[in-house]
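Inspection log for the structure reproduced underneath, given as structure tokens.
The values are calculated or read from the model by the stated rules, or taken from the named source; none is laboratory data. If you're wondering where the values come from, they're calculated on a predicted model, not measured in any experiment. Cβ coordinates were reconstructed from backbone atoms using ideal geometry, including for glycine residues, and neighbour counts include every protein chain displayed. Heavy atoms of the whole protein, side chains included, go into the accessibility calculation; ligands, DNA and RNA do not. Shrake-Rupley method; radii C 1.70, N 1.55, O 1.52, S 1.80 Å.
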Amino acid sequence: MTGTELAATADRIRAVAAGLRENGSDQHALDALAATRELTRAISQVQVEAVAVLQRSGAFAAAGHRRPDSAVASVLTVDRGRAREIVRAAEHVAARVDLQGQVLPPLLPAMAAAFTSGAASLQHVDLIARLLDSPAARRIPPYALAGIEEQIAAVADTCTPTELARFGAELVRAYDQDGAEPDDREPVQVNELRLTPLPGGGGKISGVFTDPVRYAMIATVIDAKATPSTAQDPRSAAERNADALTEVCGFVATHGDTILPTTAGERPHVAVTVRLADLENRARAACLDLGGTPTPAALRALCCDAKVIPNVLDGDSQPLDIGREARTIPLPIRRAIVARDHGCAHPGCDRPPSWCEIHHIKEWARGGHTKTDNLVMLCWTHHQEIHSTEWLVRIARDGLPEFIPPAWLDKERKPRRHPRTGPPGRPDSTRPPQTNPGRSVSRVPR
């Protein structure tokens, strides 16, 4: 089936959706909902087989992508995690080629058959592929592992992905009861701390520490600072713990010159972006570097702290510019780029500023200037892609970065922007246009 035929099929599906919106009965809606199960799995098969074809032909590598995840995410406009599911499925349930060009069967033939018949979904395949790649599964002899895979695939159509993964894990554990050899066995500890930003500002911190020493160290410090200030302290124990953690981290940030490593060339700090008019108006509007808006009282308190870097923006400000004096990005200019891009500027990327590098759109070695209209913030992955693929980046007339995809990805090569900077061709109403916008385009020959 060609792309045109798939597009025609999509039009028919949209027509069904329109019919349901206009006058769909309960039975029609139920029938349509049930049919989407097979349709979803059929679409996943097309995606997986398409990726497998491109992997076998070397198209991704030829386009400069070391791994296809990023290219797949750009084509489908999905998160990298979703793209990784498709790529992992292609690696496990599609035909492969070896170094001599010989076609090899799928790594998971039983799951491949279930996936092709529609009995298993993409998520089924992804979870089982990860399970059978685990250290415990790799200790099982190939003939036994093949038998386990067949048992898993046989019940895929009657299980949710999570249930199937749990069933498979029980089979693996039952066969691998002894675990690793004693000489090879090391204590397995789970020490994780997750920082999850919330949409409206602030965030959630959660973690697990099975290492008793690490947990005791953290708990001892928090417990010491979380003691009630008075007998009538109205804070709950959880609130006191939160205040204690904040105070400890603030102390380290202020006095940890010899403890904290530099981040992207400078010491960790809290950056606040605020317009001059807002600052003069008792600081009622500002944005923190990692997202969120502090209250006026909190912002005024921050501005009294020498360790807080205020990025004051005025509508008449001129871009920072040091011309050709240096290739290295000075801290004031980096802060200006952070205030503009807020992290990796590539569409769909969520890497924060601390994970990013500054890229010269027109290379410094080729005469490019170190100024804001020739600089863009990119994470390591997208920085490498700009240098090795046909993606282009430029600063638009409104002073914001936009990216032009390769022709193989988008024949019309329509500019794309990160959602946080606004759509292409429409100046952000919250940002004053630059008086001398750059028009440099980054394109490094492979």
From Gly64, Gly118, grab the single residue that is touching a residue at least 60 places away in the same chain (Cβ under 8 Å) and farther than 30 Å from Ala35 by Cα.
Gly64
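Residues are listed down the side, and each one gets a yes or a no for (1) of a type in the set (A, V, I, L, M, F, W, C); (2) closer than 25 Å to Gln384 by Cα; (3) surrounded by 14 or more Cβ atoms within 10 Å (Cβ to Cβ):
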residue	(1), (2), (3)
Arg37	no, no, no
Gly64	no, yes, yes
Pro68	no, yes, yes
Val75	yes, yes, yes
Ile86	yes, yes, yes
Ala94	yes, no, yes
Gln102	no, no, no
Met111	yes, no, yes
Kindly indicate whether any position in segment 163-178 is touching a residue at least 24 places away in the same chain (Cβ under 8 Å) and basic (Lys, Arg).
yes
Can you list the helices (runs of 4 or more DSSP H) lying wholly within segment 4-85 that have 1 or more residues being touching a Gly at 6+ places or on another chain (Cβ under 9 Å) and within 30 Å of Leu107 (Cα to Cα)?
26-57, 69-76
State yes or no: is Arg240 within 20 Å of Glu192 (Cβ to Cβ), in a helix (DSSP H, G or I) and of a type in the set (Lys, Arg)?
no
Neighbours by Cβ (under 8 Å, 6+ apart or cross-chain): first from segment 341-370, outside any strand (DSSP E or B); second among the aromatic types (Phe, Trp, Tyr):
Gly343/Trp355; Cys344/Trp355; Ala345/Phe403; His346/Phe403; Pro347/Phe403; Trp355/Trp380; Thr370/Trp364
Filter segment 70-97 down to the residues that are acidic (Asp, Glu) and at pLDDT 90 or above and list them by number.
Glu85, Glu91
Looking at Val221, Val213, can you tell me which residue is farther than 30 Å from Leu127 by Cβ, at pLDDT below 90, of a type outside the set (S, T, N, Q) and open to solvent by 70 Å² or more (accessible area, probe 1.4 Å)?
Val213
Gly58 passes all but one of the listed conditions (1) closer than 24 Å to Glu390 by Cα; (2) over 23 Å from the mean Cα position of the chain (by Cα); (3) open to solvent by 40 Å² or more (accessible area, probe 1.4 Å); the exception is number (3)
